[in-house]
Amino acid sequence: MSKDSQMRAAINQKLIEMGERERLKELLRAKLIECGWKDQLKAHCKDVIKEKGLEHVTVEDLVAEITPKGRALVPDSVKKELLQRIRAFLAQHSTL
């Protein structure tokens, strides 16, 4: 495992242990709903299903189709806020 991978694993473990990962997930969920991301993705799903036909779309197909758009639709402000929160958490718990 590379040093980068080890560091990511250690950070992730610390986030989980301290309960911060769940708090970040809840914050992300709320921010995405607030900015309309969820509604945009839901509309995109409906469009994909309408285009391909309900009987021709599997859940896996739908996930593969909407994942890139879903990632692209996350506002930069939300990404920046999450990154800032992670950095603040790491600064507070710098024993990693």
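Here is the P(r) of the range 3-93: all C-alpha pair distances, binned every 10 Å from 0, give 14, 34, 30, 17, 5, 0 in whole percents. Between helix 59-73 and the chain there is an angle of about 60 degrees, using the helix long axis and the longest principal axis of the Cα atoms. Toward the positive end of the charge dipole of the chain, with +1 on the Cβ of Lys and Arg and -1 on the Cβ of Asp and Glu, the farthest Cα among Pro75, Trp37, Val59 is that of Pro75. The Glu26 and Lys50 beta-carbon pair, evaluated with R₀ = 41 Å, returns a calculated FRET efficiency of approximately 0.80. The angle separating the long axis of helix 20-34 from the principal Cα axis of greatest extent in the chain is about 40 degrees. Computed over protein heavy atoms with a 1.4 Å probe, the accessible surface of the chain works out to 77 Å² per residue. Placing pseudo-labels 7 Å out from each Cα toward the beta carbon at Gln84 and Lys69 gives an inter-label distance of 3.0 nm. Helix 37-52 and the longest principal axis of the C-alpha atoms of the chain enclose an angle of approximately 40°.
Estimated from helical segments only, the mean residue ellipticity of the chain at 222 nm is -27000 deg cm²/dmol, where each DSSP H run of four or more residues counts as -39500 (n - 2.57).
Here the relative contact order of the chain, from alpha carbon pairs under 8 Å that lie six or more residues apart, stands at 34 percent.
The values are calculated or read from the model by the stated rules, or taken from the named source; none is laboratory data. Because the structure is a prediction, the values reported are computed rather than measured. No Cβ is skipped: glycine too gets one built from the backbone with ideal geometry, and neighbour counts run over all protein chains shown. These accessible areas exclude ligands, DNA and RNA; they are computed on the full protein's heavy atoms, side chains included. Shrake-Rupley method; radii C 1.70, N 1.55, O 1.52, S 1.80 Å.
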